[in-house]
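Asker: Questions regarding the structure given below will be posed in turn.
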Amino acid sequence: MGILTNVTEDHLDRHGTLRDYAAVKERLVAGVQENGTAVVGVDDNWCAAAADRIERAGKRVVRVSVRRPLADGLYVEAERIMQAAGGSARAIVHIGGIGSLRGVHNAQNAACATAAALALGLSPEAIQQGLISFPGLAHRMEQVGRLGRVLFVNDSKATNSDSTAQALACFSDMFWIAGGKPKTGGIGSLAGFFPRIRKAYLIGEAAAGFARELEGHVPHVVAGTLDRAVELAAGDAAASAVKEPIVLLSPACASFDQYRNFEVRGDKFRELVRGAAGCDRRLRLAVQ
């Protein structure tokens, strides 16, 4: 069994070109055993072409899409994961209302996991229970806790703007913590989400560049460090008139200017939120 969800511009410092990066990802799923299954998300051209090549090589391929219905494969429609084959489609599971599966990226993850589970012989009922009970991953849209009306979300794994776009699409009224070691392209591609952001708190090497891109579009402050950003964002969110404000760490940057990796950065965010718990008993931690 192999799963390939997507290919986006990332890790090019290691792989050199996007083509090389895509080729590495393809090899990981193309090598499934003769009777195995390759589950491939086909919403980008790199993966769609990979699915065709793997299939031509005689391997079983299950295609997955969150953008459009498929004639053969799994796709997401109206918060349902549909299975299509032989000219008809049926709903396999429902993912609406599952907090750990917010956003298009998590819908894709759930659809790919569903495809793999079906290939392994699990029933739709068992898959549904598994999705409902899924607590989410650390550092990826992780609900760290809630202070009064304010929800704290750790999305430290978002090390580029494409990943951050997935998080920004899930919420409105965000107090956004961003920055770190910048990657090519900046955050201009996120402009469509700027109206959702109440204020941005910028950290690390990218802070000055991000501030220039946000100027005139989003209120922002150069906080410098994560400690200061959390302090400012939590205070502003609590003082706002927003019904459910979100303090979102989704940096759109690597962590290496201030932290060893994104996990350490996310752990620090969680630690800072827990520190707030010690000062305010209204904070209910979502993780232990």
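Asker: Tally Lys and Arg at +1 and Asp and Glu at -1 over the other residues with C-beta under 14 Å from the C-beta of L131: what net charge comes out?
Answerer: 0
Asker: Provide the percentage of antiparallel DSSP beta bridges, counting only those with both residues in the chain; round to the nearest 5.
Answerer: Here the share of antiparallel DSSP bridges comes out near 45 percent.
Asker: Which length gain, in nm to one decimal place, applies between R60 and I132 when the Cα-Cα distance is subtracted from 0.36 nm times their residue separation?
Answerer: 23.1 nm
Asker: Go through region 237-244 residue by residue and turn each phi into a ³J(HN,Hα) via Karplus (6.51, -1.76, 1.60, θ = phi - 60°); whole Hz please, and just put x for glycine and proline.
Answerer: 5, 5, 7, 6, 8, 5, 5, 9
Asker: Could I ask something else about it? For region 198-206, in order, what is each residue's ³J(HN,Hα) by Karplus, 6.51 cos²θ - 1.76 cosθ + 1.60 with θ = phi - 60°, in whole Hz (x at glycine and Pro)?
Answerer: Going residue by residue, I get 6, 6, 10, 10, 9, 10, x, 4, 7 Hz, with x marking Gly and Pro.
Asker: Could you order the peptides 52-58, 122-128 from most to least packed, using the average number of other C-beta atoms within 10 Å per residue?
Answerer: In descending order of packing, they fall as 122-128, 52-58.
Asker: Say the dipole of the chain comes from +1 at the beta carbon of Lys and Arg and -1 at that of Asp and Glu; which of N106, N160, A211 then lies farthest toward its positive end?
Answerer: So the residue furthest toward the plus end is N106.
Asker: Additional query: Given H placed 1.01 Å from N in the peptide plane, which residues other than close sequence neighbours of I177 have an amide H under 5 Å from its amide H?
Answerer: Under 5 Å from the amide H of I177: Y201, L248, L249, S250.
Asker: Sticking with this one: Can you find, among A138, L151, V61, the residue sitting farthest towards the positive end of the charge dipole of the chain, where Lys and Arg contribute +1 and Asp and Glu -1 at Cβ?
Answerer: L151
Asker: Sticking with this structure for a sec: Using a Förster radius of 22 Å, what is the FRET efficiency between S88 and A48 based on their Cβ-Cβ separation? Nearest 0.05, please.
Answerer: Plugging the Cβ-Cβ distance into 1/(1 + (r/R0)^6) gives 0.45.
Asker: Moving to a separate point now. Using 7 Å Cα-to-Cβ label points, what is the R67/D227 separation (nm, one decimal)?
Answerer: With each label point 7 Å from Cα toward Cβ, the separation is 4.4 nm.
Asker: Please list, in order along region 37-54, the HN-Hα scalar couplings obtained from phi with the Karplus expression 6.51 cos²θ - 1.76 cosθ + 1.60 (θ = phi - 60°), rounded to whole Hz, x for Gly and Pro.
Answerer: Each residue of region 37-54 in turn: 10, 9, 9, 10, x, 10, 8, 10, 5, 4, 6, 4, 5, 4, 4, 5, 5, 5 Hz.
Asker: Over all alpha-carbon pairs in region 138-277, figure out the percentage whose distance exceeds 26 Å.
Answerer: In whole percent, the share of Cα-Cα pairs in region 138-277 beyond 26 Å is 10.
Asker: What fraction, in whole percent, of alpha-carbon pairs in the chain exceed 27 Å separation?
Answerer: Everything past 27 Å amounts to 45 percent.
Asker: Which entries in the list K183/K243; K25/K199; K199/K268; K25/K243; K59/K183 go over 31 Å, if you measure between the two C-alpha atoms of each?
Answerer: Over 31 Å Cα-Cα: K183/K243; K25/K199; K25/K243; K59/K183.
Asker: Okay, next question. What does the helix-only formula give at 222 nm for the chain: each DSSP H stretch with n ≥ 4 adding -39500 (n - 2.57), the total divided by the residues, and the result rounded to the nearest 500 deg cm²/dmol?
Answerer: Computed mean residue ellipticity for the chain: -11000 deg cm²/dmol.
Asker: Would you pull out the residues with amide H under 5 Å of K183's amide H, same chain only if 5 or more places away, H placed 1.01 Å from N?
Answerer: A254
Asker: Which log10 I(q)/I(0) values does region 13-99 give at q = 0.12, 0.17, 0.25 Å⁻¹ under the Debye formula, counting every alpha carbon as one identical point scatterer?
Answerer: Evaluating at q = 0.12, 0.17, 0.25 Å⁻¹ gives log10 I(q)/I(0) of -0.43, -0.78, -1.17.
Asker: Sticking with this one: Just flag the GluC sites (Glu not before Pro) in region 139-228 sitting in loop per DSSP whose Cβ has no more than 11 other Cβ atoms within 10 Å.
Answerer: Sites meeting the loop and neighbour criteria: E215.
Asker: Given H placed on each backbone N at 1.01 Å, which residues far from T37 in sequence or on other chains put an amide H within less than 5 Å of it?
Answerer: Long-range HN contacts for T37: G2.
Asker: For L18, put the label point 7 Å out on the Cα→Cβ axis and report which residues of region 176-198 keep their amide N under 16 Å from it.
Answerer: 183-190
Asker: A further question on this structure: Taking the Cα centre of the chain as origin and charging only Cβ (+1 Lys, Arg; -1 Asp, Glu), how large is the dipole, in debye to the nearest 20?
Answerer: 400 debye
Asker: Now for a different question. Can you send over the carbon and sulfur percentage of the accessible area for the chain, probe radius 1.4 Å, protein chains only?
Answerer: 50 percent
Asker: Separate question: Under a 10 Å cutoff between Cα atoms, tell me which one of L147, L248, L101 has the largest fluctuation in the Gaussian network model of the chain.
Answerer: Looking only at L147, L248, L101, the largest GNM fluctuation is found for L147.
The values are calculated or read from the model by the stated rules, or taken from the named source; none is laboratory data. Computed from a prediction, not measured in an experiment: that's the story for all the values here. Neighbour counts run over all protein chains shown; Cβ positions are idealised from the backbone, glycine included. Surface accessibility is based on the protein's heavy atoms, side chains included, excluding ligands, DNA and RNA. Shrake-Rupley method; radii C 1.70, N 1.55, O 1.52, S 1.80 Å.
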